[in-house]
Amino acid sequence: MTRTYWLPSKHIDKLSQLPRFWDTEIEDPIDGKKEITVIDGHMGDISKTIERIRAFRKKLIKSGNDRLFEIVKTKNNRYSIEAKSTVATELERLYSSFSQIEKWVQRTHILAPYGRVFADTQRRIPIRWPDVKKPHLSEEEAQTHLNRLTRIINILTKRFKNPNVIRMESNFRRGPMQNFTSTLEFLDACAKMRSNVLMLRIDLQYERSKCPITQIRDHSNRPVEYFDYDEIMRHRERLTAEINKIYGNGLVGYVIKFELGYERGPHFHCLFILDAALHHKKDFHDYQIAGIWKDVTAGNGTYYCCKEDKYRWKIVGRRDMLDENTRIGLVFFAGYICTTETLLKPRVPSHHRLLTKGCITAPSAPNKVGRPPKARHADSLMNLDISERLKANLSPALKSHEAS
């Protein structure tokens, strides 16, 4: 048995403290060895691996009937397997890296269809690359490995070309695309209500040992510990209710996205938009919202407040929502919270929404004293060039009829 922990190596001393859902027992299909694998990485590594599978699919289909591997004779009448193209090299990299995380990820997430095709093929035809790459194989061993590699390539090519798989991949992307579009429309509506705003970017999560847990039945009808999504979503509802109560008309709007990470567990990416005419101090409101989160989670919640001068996009602090740099930053933020779902989605009950938006305040009554302000307008966020590029990456329509 192999037990794989998704945990940075610097925390290796904490392995014994992890609850059951942070680890998974995987039966080694080759020789059944027992070992502990500590993976030094994070959720982004998994997403990048699935993105590489999509790129690999295109290269594999484009290569056609080209020979990817061949047997080469070495000294002393021995043989070795050599990769003849970059497609073959990429297959080796994917097989080696994906085998460590695939079963663990599928326990908590739904992979994109191309990722599932690769995972199914890997389970169907397991292969140990160190054995394949040995420089001194017998002719029989070399031919056995070559036949297995050829079979893997044939199965992947056939399934990647399957119209049903292409359609499933297109449908898998449709939800994130709709979320991206609706988020930009929502942010446009916020800009029309208030252009001078105070924006807060806060990540809300749980302490590792205090996340809400419940017992469910697995496929063998055994009780196992798992995340209590009902309780987690109730915490989100109580958070937004308390914020609405405290800020009232001073809250222009908010966007909250749920994600399941492998270092932070369940967490929320939040963007709160406040009326800058009523609220001025960013740090005060950061810690006020963080305090509400601590209260609704009975002290089990933690938080991270993004810094105005360190955040990657210019959307934190006091901003003009009609400013070009701010609008570009909002588009990037919308793409950031929606892109991951095109690769893998948390196994959350269907009645729970992963992305929530709300609380656009009504426009204030015009001030009739003095000269009226000059009307200002800005194009829709969807019309920006960067929106079109991000939309192309998300849109299923552009992927549903790829050359195959």
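Available extension along the chain between Lys73 and Phe332 is 88.0 nm, counting 0.36 nm per residue and deducting the alpha carbon span. A probe of 1.4 angstrom, applied to the heavy atoms of all protein chains, finds Glu308 with accessible area near 90 square angstrom. For the pair Arg148 and Gln178, the difference between a 0.36 nm per residue extended length and the Cα-Cα distance amounts to 6.7 nm. Measuring r between the beta carbons of Asp295 and Arg318 and using R0 = 25 Å, the FRET efficiency lands at 0.40.
Note on Ile246: accessible area approximately 90 square angstrom, rounded to 10, probe 1.4 Å, nucleic acids and ligands left out.
Once both labels are positioned 7 Å from their Cα atoms along Cα-to-Cβ, the gap between Arg167 and Lys281 label points is 6.0 nm. To the nearest 0.05, how large is the calculated FRET efficiency for Lys210 and Glu237 if R₀ is 22 Å and r is the Cβ-Cβ distance? Here the calculated transfer efficiency is 0.70.
Across the cross-link table entries Lys48/Lys158; Lys161/Lys257; Lys73/Lys161, which are compared at the Cα atoms, the separations over 29 Å belong to Lys161/Lys257; Lys73/Lys161. What is the sum of charges around Val132, taking Lys and Arg as +1, Asp and Glu as -1, for the other residues whose C-beta is under 10 Å from the C-beta of Val132? So the environment of Val132 carries a net charge of +1. The heavy atoms of Lys84 offer some 100 square angstrom of accessible surface to a 1.4 angstrom probe.
Take the Cα of His352, step 7 Å toward its Cβ, do the same at Tyr304, and the gap between the two points is 2.1 nm.
Find the percent of Cα-Cα distances in segment 86-174 that exceed 20 Å, and round it to a whole number. Summing the P(r) tail past 20 Å for segment 86-174 gives 42 percent. On full extension, the segment bounded by Ile61 and Ile155 gains 32.7 nm, given 0.36 nm per residue less the C-alpha separation.
The values are calculated or read from the model by the stated rules, or taken from the named source; none is laboratory data. What you see is a predicted model; the values in this text were computed from it and never measured. Cβ atoms come from the backbone with ideal geometry, glycine included; neighbour counts cover every protein chain shown. What goes into the accessible areas is simple: the full protein's heavy atoms, side chains included, and nothing from ligands, DNA or RNA. Shrake-Rupley method; radii C 1.70, N 1.55, O 1.52, S 1.80 Å.
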